[in-house]
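Engineer: Below is one structure. I have some questions about it.
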Amino acid sequence: MNWEIVIGLETHAQLSTRSKIFSSASTAFGASPNSQASAVDIALPGVLPVLNKGAVERAIRFGLAVGATINRRSIFARKNYFYPDLPKGYQISQYEVPVVSGGSLTIMVGDVEKTVRLTRAHLEEDAGKSLHEDFKGMSGIDLNRAGTPLLEIVSEPDMHSAEEAVAYAKALHALVCWIDICDGNMQEGSFRCDANVSVRRPGEPLGTRCEIKNLNSFRFMEQAIKFEVRRQIELIEDGGKVAQETRLYDPDKNETRTMRSKEDAMDYRYFPDPDLLPLEISSELIKSIEAHMAELPQAMRERFVRQFGLSAYDAALLTTSRDIAAYYEAVAGQVDAKLAANWINGELSSRLNDQNILIADSPVRPEALIWLIGRIVDGTISGKIAKDVFRDLWDGKVVGVQQAGGSLSALTVQADAYIEKMGLKQISDSGEIGKLIDQVLAANEKSVAEYRAGKEKAFNALVGQVMKATKGKANPTQVNEMLKARLAK
Amino acid sequence: MALTLDDVNRIAHLARIEVEPHEAEQVLLQLSGIFGLIEEMRAVNTDGVEPMAHAQDLTLRLRADEVADTDQHRLFQTIAPQVENDLYLVPKVIE
């Protein structure tokens, strides 16, 4: 029987401000314990919070990027609960009136576009960290993270598979990095997701949902949602009922388990924080932020399709980060734009992934790729040889490190000399290729006979032999044509 | 709205306040008095009045995003009951 999966995501993005949301303490990661916890962050009596303009600006930037409503007046509220890493006994958050309402995010699931609606995004402060090991029945509390600004971004339950949820999370991650409001570092907890998952029969009302916490990588998110969906379906098919609860994903066992049931659910008793007046946002502030916003990934994706004739899939890959897009534009402006897309999404990105290097640190700079693609297009080297040359460029064998960042003309002189020296030039002299073809035909009489008897496969074998004889340097189209002509005689 | 002893115990639990059974009766009386006041206020017609989020009709002042605080954890930790490796020690709580 059919089941429909319904998923909504809540994401906490740590905002990239220098100082905390309500105090002037630093937000830098990795400092020694409690060295960045000010009197406000540790909630000493008599202190008062003062809101950081940088956090508000980042929230506005996000709202504009997702086409949301920026609420001109929003309210900070106290979310009350007790936990040792929450010194005040409440978290300052926004409840009834958040800074950002609505909006949507367009995502790519494979090569299909899909729009996910957003419910809201609100500003709040992070809690500290509890360390449970090494303290003989006690917990150690580090309050450096307490008061770090967060933007909690809540989606509508618009996703219907683990793949869609991951595609949304990746798109959101790319966006917050793109508009430079979050560093996106998931290992350091700068971008954290919780997933609300339920299942139902198509057409029926929403099923009871479970919230899965602790999804700190895209891979874990996919595994956790898949496990949870299977658990809920099996439970219902066995005549059971899903209980509303909070569950924790355990990556070691690849399972989710109960963390808090509905009966133990927290009663947060939200109320407006009397320490903070309403936040008013002027249209001047919104306009000045809007004026400085870079082209957004979706707009750029559509432009790449229009301007360079790329597929939506290729354009999406090239706009996963600003650095990749900038690299692509640098290359595509100079040479065949489709070839540039193929090389960046193919050879370059697989190398970068293999070695876990960011494109900004790629040893093959845009100038080198411009040169390489130029030499394929003008027929100097074959596409096959170009892959070897690319590897040599990557390894620094073609041009020295000092030239790697230099001008295109200087690089061209050196790189052309390398091709010459290594004898990599494409053979397009038909006399030379013809000689090699004759040798191959003489040595492979069996294949020739098979081809003449109607076996197409034999032809491919012969092409392979000729290419081998030229060490991959012949133009394959030319070899094909010449070989066909000879065999037809 | 009539408050019950169960409500009192639940509120006490949420606030992590210990209320002995003999105190609960007293607290119930006091809280009911406060709820009585709230009931009286609710009787006022507030149709068309926008609720205030703050007692003062002002808006928030914003601070520039600059780091100005220095490390004072040694001073702060002089009043902490227990400290180890610069961490505050508390009875173990795991959620």
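The values are calculated or read from the model by the stated rules, or taken from the named source; none is laboratory data. Predicted model, so just to flag it, every value in this text is computed and none were measured. Positions of Cβ are backbone-derived with ideal geometry, glycine not excepted, and every protein chain shown enters the neighbour counts.
Engineer: Would the range A:40-52 turn up any residue that is surrounded by 19 or more Cβ atoms within 10 Å (Cβ to Cβ), over 30 Å from B:Glu84 (Cβ atoms), touching a Leu at 6+ places or on another chain (Cβ under 7 Å) and more than 9 Å from chain B (Cβ to nearest Cβ)?
Structural biologist: no
Engineer: Which residue out of A:Phe22, A:Phe82 is touching a residue at least 24 places away in the same chain (Cβ under 8 Å), part of a loop (DSSP other than H, G, I, E, B) and within 9 Å of chain B (Cβ to nearest Cβ)?
Structural biologist: Numbers: A:Phe82 fails: touching a residue at least 24 places away in the same chain (Cβ under 8 Å).
Residue meeting the stated conditions: A:Phe22.
Engineer: Could you say which residue among A:Val112, A:Val154, A:Val50 is closer than 22 Å to A:Leu277 by Cα and in the same structural domain as A:Met266 (by TED's automatic domain parsing)? Quick ask: steps written out before the conclusion?
Structural biologist: Numbers: A:Val112 fails: closer than 22 Å to A:Leu277 by Cα; A:Val154 fails: closer than 22 Å to A:Leu277 by Cα.
Among A:Val112, A:Val154, A:Val50, only A:Val50 is closer than 22 Å to A:Leu277 by Cα and in the same structural domain as A:Met266 (by TED's automatic domain parsing).
Engineer: Assess whether A:Asp134 counts as being part of a loop (DSSP other than H, G, I, E, B) and surrounded by fewer than 18 Cβ atoms within 10 Å (Cβ to Cβ).
Structural biologist: Working: part of a loop (DSSP other than H, G, I, E, B): yes; surrounded by fewer than 18 Cβ atoms within 10 Å (Cβ to Cβ): yes.
Taking the combined requirement at face value, the residue satisfies it.
Engineer: Within the range B:7-37, can you find the residues that are exposed (fewer than 11 other Cβ atoms within 10 Å of the Cβ) and within 14 Å of chain A (Cβ to nearest Cβ)?
Structural biologist: Selection gives B:Arg16, B:Ile17, B:Glu18.
Engineer: Out of all the residues in the range A:445-462, is one or more within 30 Å of A:Trp394 (Cα to Cα) and basic (Lys, Arg)?
Structural biologist: First, the residues of the range A:445-462 that are within 30 Å of A:Trp394 (Cα to Cα): none.
The answer is no, given that none of the residues of the range A:445-462 is within 30 Å of A:Trp394 (Cα to Cα) and basic (Lys, Arg).
Engineer: For B:Val44, state whether it is without any contact (Cβ under 8 Å) to a residue 60 or more places away in the chain, more than 24 Å from the chain's Cα centre (by Cα), closer than 23 Å to A:Asp273 by Cβ and more than 13 Å from chain A (Cβ to nearest Cβ). Spell out the reasoning first.
Structural biologist: Numbers: without any contact (Cβ under 8 Å) to a residue 60 or more places away in the chain: yes; more than 24 Å from the chain's Cα centre (by Cα): yes; closer than 23 Å to A:Asp273 by Cβ: no; more than 13 Å from chain A (Cβ to nearest Cβ): yes.
For B:Val44, the condition - without any contact (Cβ under 8 Å) to a residue 60 or more places away in the chain, more than 24 Å from the chain's Cα centre (by Cα), closer than 23 Å to A:Asp273 by Cβ and more than 13 Å from chain A (Cβ to nearest Cβ) - is not met.
Engineer: Quickly run through the range A:238-261 and pick out the residues that are touching a residue at least 40 places away in the same chain (Cβ under 8 Å) and either in contact with a Phe, Trp or Tyr (Cβ under 9 Å, 6 or more places away or on another chain) or closer than 22 Å to A:Asn216 by Cα (or both).
Structural biologist: Residues satisfying the conditions are A:Thr256, A:Met259.
Engineer: If you don't mind, another one. Can you name the residue in the range B:83-95 that is of a type outside the set (D, E, K, R) and at the interface with chain A (Cβ under 7 Å from one of its Cβ atoms) and, of all such residues, is surrounded by the most Cβ atoms within 10 Å (Cβ to Cβ)?
Structural biologist: As a first pass, look at the range B:83-95 and keep what is of a type outside the set (D, E, K, R): B:83, B:85, B:87-91, B:93-94.
From what is left, the residues that are at the interface with chain A (Cβ under 7 Å from one of its Cβ atoms) are B:85, B:87-91, B:93-94.
On the way: B:Asn85: 13, B:Leu87: 25, B:Tyr88: 27, B:Leu89: 20, B:Val90: 18, B:Pro91: 9, B:Val93: 13, B:Ile94: 6.
Out of the qualifying residues, it is B:Tyr88.
Engineer: Can I ask one more? Can you confirm whether the range A:68-77 contains a residue that is away from chain B (no Cβ under 14 Å) and assigned to a loop (DSSP other than H, G, I, E, B)?
Structural biologist: Residues of the range A:68-77 that are away from chain B (no Cβ under 14 Å), as a first pass: A:68-70.
Those still in the list that are assigned to a loop (DSSP other than H, G, I, E, B) too: A:68.
Yes: the range A:68-77 contains one or more residues that are away from chain B (no Cβ under 14 Å) and assigned to a loop (DSSP other than H, G, I, E, B).
Engineer: I've got another one for you. For the structure I just gave you, tell me whether A:Tyr268 is within 14 Å of chain B (Cβ to nearest Cβ) and either touching a Pro at 6+ places or on another chain (Cβ under 6 Å) or surrounded by 14 or more Cβ atoms within 10 Å (Cβ to Cβ) (or both).
Structural biologist: Working: within 14 Å of chain B (Cβ to nearest Cβ): yes; either touching a Pro at 6+ places or on another chain (Cβ under 6 Å) or surrounded by 14 or more Cβ atoms within 10 Å (Cβ to Cβ) (or both): yes.
Considered against the rule, which asks whether it is within 14 Å of chain B (Cβ to nearest Cβ) and either touching a Pro at 6+ places or on another chain (Cβ under 6 Å) or surrounded by 14 or more Cβ atoms within 10 Å (Cβ to Cβ) (or both), A:Tyr268 comes out as yes.
Engineer: Within the bounds of the range B:21-41, is there any residue that is of a type in the set (Ser, Thr, Tyr), more than 20 Å from the chain's Cα centre (by Cα) and not in a loop (DSSP other than H, G, I, E, B)?
Structural biologist: Looking through the range B:21-41, none of the residues is of a type in the set (Ser, Thr, Tyr), more than 20 Å from the chain's Cα centre (by Cα) and not in a loop (DSSP other than H, G, I, E, B).
Engineer: Next question, about the same structure. Look at A:Cys210 and say whether it is more than 29 Å from A:Thr320 (Cα to Cα) and surrounded by 20 or more Cβ atoms within 10 Å (Cβ to Cβ). Step through it out loud before you land on a result.
Structural biologist: Details: more than 29 Å from A:Thr320 (Cα to Cα): yes; surrounded by 20 or more Cβ atoms within 10 Å (Cβ to Cβ): yes.
So A:Cys210 passes the test.
One line per residue, one yes/no per condition, for (1) among the acidic types (Asp, Glu); (2) in contact (Cβ under 8 Å) with a residue 40 or more places away in the chain; (3) not in a loop (DSSP other than H, G, I, E, B):
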{"position": "A:Asn2", "(1), (2), (3)": "no, yes, no"}
{"position": "A:Ile5", "(1), (2), (3)": "no, yes, yes"}
{"position": "A:Ala31", "(1), (2), (3)": "no, yes, no"}
{"position": "A:Ala39", "(1), (2), (3)": "no, no, no"}
{"position": "A:Ala43", "(1), (2), (3)": "no, yes, no"}
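Engineer: Out of the residues in the range A:153-178 that are surrounded by fewer than 19 Cβ atoms within 10 Å (Cβ to Cβ) and more than 12 Å from the chain's Cα centre (by Cα), state the one that is farthest from A:Val109 (Cα to Cα).
Structural biologist: Selected residue: A:Val154.
Engineer: Now for a different question. Looking at A:Val166, A:Val197, A:Val176, which is the one that is outside any loop (DSSP other than H, G, I, E, B), more than 14 Å from every other protein chain (Cβ to nearest Cβ), of a type in the set (Val, Ile, Thr) and more than 30 Å from A:Ala243 (Cβ to Cβ)? Give the derivation first.
Structural biologist: Details: A:Val166 fails: more than 30 Å from A:Ala243 (Cβ to Cβ); A:Val197 fails: more than 30 Å from A:Ala243 (Cβ to Cβ).
Only one candidate qualifies: A:Val176.
Engineer: Give the number of residues within the range A:383-404 that are part of a helix (DSSP H, G or I) and either at pLDDT 65 or above or hydrophobic (A, V, I, L, M, F, W, C) (or both).
Structural biologist: Taking the range A:383-404 as the starting set, the residues that turn out to be part of a helix (DSSP H, G or I) are A:383-394, A:401-404.
Subsequent filtering for residues that are either at pLDDT 65 or above or hydrophobic (A, V, I, L, M, F, W, C) (or both) retains A:383-394, A:401, A:404.
Of the residues in the range A:383-404, 14 are part of a helix (DSSP H, G or I) and either at pLDDT 65 or above or hydrophobic (A, V, I, L, M, F, W, C) (or both).
Engineer: Residues in the range B:57-73: is at least one out of contact with any Gly (no Cβ under 8 Å at 6 or more places or on another chain), assigned to a helix (DSSP H, G or I) and either at the interface with another protein chain (Cβ under 7 Å from one of its Cβ atoms) or within 30 Å of A:Pro33 (Cα to Cα) (or both)?
Structural biologist: Yes; the residues of the range B:57-73 include at least one that is out of contact with any Gly (no Cβ under 8 Å at 6 or more places or on another chain), assigned to a helix (DSSP H, G or I) and either at the interface with another protein chain (Cβ under 7 Å from one of its Cβ atoms) or within 30 Å of A:Pro33 (Cα to Cα) (or both).
Engineer: Looking at A:Leu9 and the list (1) away from chain B (no Cβ under 13 Å); (2) surrounded by fewer than 21 Cβ atoms within 10 Å (Cβ to Cβ), which single condition is not satisfied?
Structural biologist: Condition (2) is where A:Leu9 drops out.
Engineer: What's the total number of residues in the range B:68-78 that are surrounded by fewer than 13 Cβ atoms within 10 Å (Cβ to Cβ) and modelled with pLDDT of 95 or more?
Structural biologist: 4
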